[in-house]
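J.: Got a structure for you, written out below as structure tokens; questions coming shortly.
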Amino acid sequence: MKTGLVLEGGGMRGLFTAGILDVWMERGLTFDGAVGVSAGACFGCNYMSGQIGRGIRYNVKYAGDWHYKGFRSLLLTGDIFGADFCYRKLPTELDIFDEEAFAANPMEFYAVATDAKKGIPVYKKLKDGGEADMLFVRASASLPLVSRVVPYGKRGLLDGGITDSIPLKFMEGRGYERNVVVLTQPEGYVKEKTKLVPAAKVLLRKYPKMVDCMANRHIMYNNQTAYVQARKEQGKAFVIAPLEALHIANLEAKEEELRRVYDAGRAAAERSWDDLLAFLANGKE
């Protein structure tokens, strides 16, 4: 029975995921396959390359740098998270991303983006952590309204969380029967309808189906969390989530706040460790 890992996004809430993944790497835990959305894809890349501590390290070091993120980046580049800095300079010059280790990892790793024209999720199996993979990861994490649409082949892509926030069904459809789901909101969280639809109608007027997806995202998301809970009750999914809302802004630059969320993830991984191993072991019986 194949084991899968599902990594929700959530901007800087993704540091919760980074903390979990670091504990797992320290303890040698692996999966047959994984899928990451937005921040989940970004931090999942470090899990794929086996680089313990990289996610929290570069966030602490560069969180206050406008080239990394901020309204200055948005005004000057069109992306609130600087595309060139995040997906070229950072991984190739400042905190080297281990493409060789990424490519050598036998785990299948998928990322999710959204086709802005069609308003549908797009999935890509990442292969080597190279330029094409990083472009797709960038698309997966490109938040609507504060990011440019990312050209990828014949598509224009944006944030995968808009159309498939928690892709558990995707993993099950790929043959992963026993899945671990990492959420960045507490269990029981209910998403409300976004208030950004009027702005989206203006800024994304060329992409009306993307606007529709944003308007209905709360319905999709709440249906997905209900499905995750049902699979958990059926013994098919193991869920790790914050005990309470993480309350961290996407532009947060204070080291103590970044480490608070990261440490919450580490604590969750340690707290759930024995139950997680039992869940995975039961799948092998």
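J.: Counting only residues that are over 19 Å from the mean Cα position of the chain (by Cα) and not charged (D, E, K, R), which one in the range 174-189 is surrounded by the most Cβ atoms within 10 Å (Cβ to Cβ)?
T.: Only one residue fits best here, namely Gly175.
J.: Quick check on Glu99: is it touching a residue at least 24 places away in the same chain (Cβ under 8 Å), more than 28 Å from Arg260 (Cβ to Cβ), touching a helix residue (DSSP H, G or I) at 6+ places or on another chain (Cβ under 8 Å) and open to solvent by 20 Å² or more (accessible area, probe 1.4 Å)?
T.: yes
J.: Condition first: over 20 Å from Phe279 (Cβ atoms) and either assigned to a helix (DSSP H, G or I) or without any contact (Cβ under 8 Å) to a residue 12 or more places away in the chain (or both). Now tell me which residues in the range 1-21 satisfy that.
T.: Gly11, Met12, Arg13, Gly14, Leu15, Ala18
J.: Tell me the residue from Asp65, Asp84 that is assigned to a loop (DSSP other than H, G, I, E, B) and surrounded by fewer than 22 Cβ atoms within 10 Å (Cβ to Cβ), please.
T.: Within the list Asp65, Asp84, the selection yields Asp65.
J.: Also: Taking the condition of being more than 27 Å from Pro144 (Cα to Cα) and either touching an Asp or Glu at 6+ places or on another chain (Cβ under 8 Å) or open to solvent by 20 Å² or more (accessible area, probe 1.4 Å) (or both), how many residues in the range 1-28 meet it?
T.: 9
J.: Same structure again: Kindly indicate the residue of the range 141-167 that is surrounded by fewer than 23 Cβ atoms within 10 Å (Cβ to Cβ) and either under 15 Å from the mean Cα position of the chain (by Cα) or of a type in the set (S, T, N, Q) (or both) and also farthest from Val37 (Cα to Cα) among those meeting that condition.
T.: Ser147
J.: Only strands (runs of 3 or more DSSP E) wholly contained in the range 145-204 count here; list those with 3 or more residues that are of a type outside the set (Gly, Ala, Ser) and more than 16 Å from Gly9 (Cα to Cα).
T.: 150-152, 176-182
J.: For the range 243-285, give me each residue that is under 20 Å from the mean Cα position of the chain (by Cα), more than 21 Å from Glu187 (Cβ to Cβ) and part of a helix (DSSP H, G or I).
T.: Those that are under 20 Å from the mean Cα position of the chain (by Cα), more than 21 Å from Glu187 (Cβ to Cβ) and part of a helix (DSSP H, G or I): Glu257, Leu258, Arg259.
J.: To continue, here is another question. In this structure, does Gly36 turn out to be in contact with a Gly (Cβ under 9 Å, 6 or more places away or on another chain) and assigned to a helix (DSSP H, G or I)?
T.: It is false that Gly36 is in contact with a Gly (Cβ under 9 Å, 6 or more places away or on another chain) and assigned to a helix (DSSP H, G or I).
The values are calculated or read from the model by the stated rules, or taken from the named source; none is laboratory data. Keep in mind that what you see is a predicted model, and the values were worked out from it rather than measured. Cβ sites come from the backbone with ideal geometry, for glycine too, and all protein chains shown count toward neighbours. Heads up: the accessible areas ignore ligands, DNA and RNA and are worked out on the full protein's heavy atoms, side chains in. Shrake-Rupley method; radii C 1.70, N 1.55, O 1.52, S 1.80 Å.
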